[in-house]
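Taking it in order: structure first as structure tokens, then the write-up.
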Amino acid sequence: MPGTTSPFTDIARSRRSPRRFLPTALSSSDIRGVLEDAQTAPSNSNTQPWTVHVVSGAARDALAKDLLRAEEEGRTSSDFTDGYGEEGVYVERSRALGASVYRARGVERSDQGGRRAAVRENLEFYGAPHAAFLFMPALGDGVRTAGDIGMYAQNFLLSLAARGLAGIPQTILGVYADTVREFLDVPAELKLLFGISFGMADPAAPVNTLRTERVPLQRSVVLHDTPGVLDRP
Ligand SMILES: Cc1cc2nc3c(=O)[nH]c(=O)nc-3n(C[C@H](O)[C@H](O)[C@H](O)COP(=O)(O)O)c2cc1C
């Protein structure tokens, strides 16, 4: 009914990215359900351009090891460029997020060892028992396809949240694309946009107390002949 909240609102607003997971593996029916929900995502011309690899158990452990070795040896191989520019609102928000994560972890940003440890925790899937890798074909400049992968990923994350589970998308897993492709035997034509580590969030981990904020609607939305919507702050 218009104007009422819904279970969806609760799920969307309570979803968070944990950075420490319990090691408990999810049931095959939960994983299947999440994959089925994600598969319903809309895409340009219904192209459904996602190819998704999920690792668990021994495969998960072995891939984490390979990623850590690639990090030690400086073997980065991102399929896409990074960065938010030198200055401006996006780099400011990114820095604010970084500072909040380090604060929640109890690490000084200037602490090089602590920063490296944070990178390595990323590559160990933050302790999650499962990780999904989202690959896409290289079509045109890739932007439309990447948008489709984003649709898929948000379905995936909200499906986890609806089940009391959680996941964190991780661009950093795509920074080691060649390592991941080699391990999973994925052809070079498929580009790795990002991974999602998932499982059950560790409720006792200090880093999971982090709550990110959003800018007010007024900073993101411009309304035309749509009165009343932004009247309250
Ligand atoms: C595409 C994408 C890539 C991300 N990559 C990383 C990552 O590599 N490492 C990480 O710790 N968090 C990563 N995040 C998590 C974001 O920092 C997080 O979504 C954001 O700060 C908002 O917090 P929330 O998800 O808890 O609402 C990524 C998020 C997205 C959507």
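The table that follows gives values for the structure above.
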item: Residue satisfying all of: in the range 28-53; touching a strand residue (DSSP E or B) at 6+ places or on another chain (Cβ under 9 Å) and open to solvent by less than 40 Å² (accessible area, probe 1.4 Å); farthest from Gly106 (Cα to Cα) among these; result: Pro49
item: Identity of the residue in the range 28-57, closer than 26 Å to Thr145 by Cα and among the acidic types (Asp, Glu), that ends up nearest to the ligand (Cβ to nearest atom); result: Asp37
item: Number of the condition not met by Ala25 [criteria: (1) within 16 Å of the ligand (Cβ to nearest atom); (2) touching a strand residue (DSSP E or B) at 6+ places or on another chain (Cβ under 9 Å); (3) of a type in the set (Gly, Ala, Ser)]; result: (1)
item: The range 72-102 - residue that is hydroxyl-bearing (Ser, Thr, Tyr) and either touching a Phe, Trp or Tyr at 6+ places or on another chain (Cβ under 9 Å) or closer than 25 Å to Thr209 by Cα (or both) and, of those, surrounded by the fewest Cβ atoms within 10 Å (Cβ to Cβ); result: Tyr90
item: Lone qualifier among Ser17, Ser45, Ser27 - being modelled with pLDDT of 95 or more and on the phi > 0 side of the Ramachandran plot; result: Ser45
item: Within the range 130-233, strands (runs of 3 or more DSSP E) holding 3 or more residues that are away from the ligand (no atom under 13 Å from the Cβ); result: 130-137, 190-201
item: Matching residues in the range 119-129 - criterion: being part of a helix (DSSP H, G or I) and either at pLDDT 95 or above or open to solvent by 50 Å² or more (accessible area, probe 1.4 Å) (or both); result: Arg120, Glu121, Asn122, Leu123, Phe125, Tyr126, Gly127
item: Residue in the range 58-112 that is farthest from Pro206 (Cα to Cα), counting only those that are aromatic (Phe, Trp, Tyr) and assigned to a helix (DSSP H, G or I); result: Tyr90
item: Selected residue [open to solvent by 70 Å² or more (accessible area, probe 1.4 Å) and at pLDDT below 95] from Arg116, Arg105, Arg211, Arg144; result: Arg116
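The values are calculated or read from the model by the stated rules, or taken from the named source; none is laboratory data. Note that this is a predicted model, so its numbers are computed, not measured. Because the Cβ atoms are built from the backbone with ideal geometry, glycine has one as well, and the counts that use them run over all protein chains shown. Surface accessibility is based on the protein's heavy atoms, side chains included, excluding ligands, DNA and RNA. Shrake-Rupley method; radii C 1.70, N 1.55, O 1.52, S 1.80 Å.
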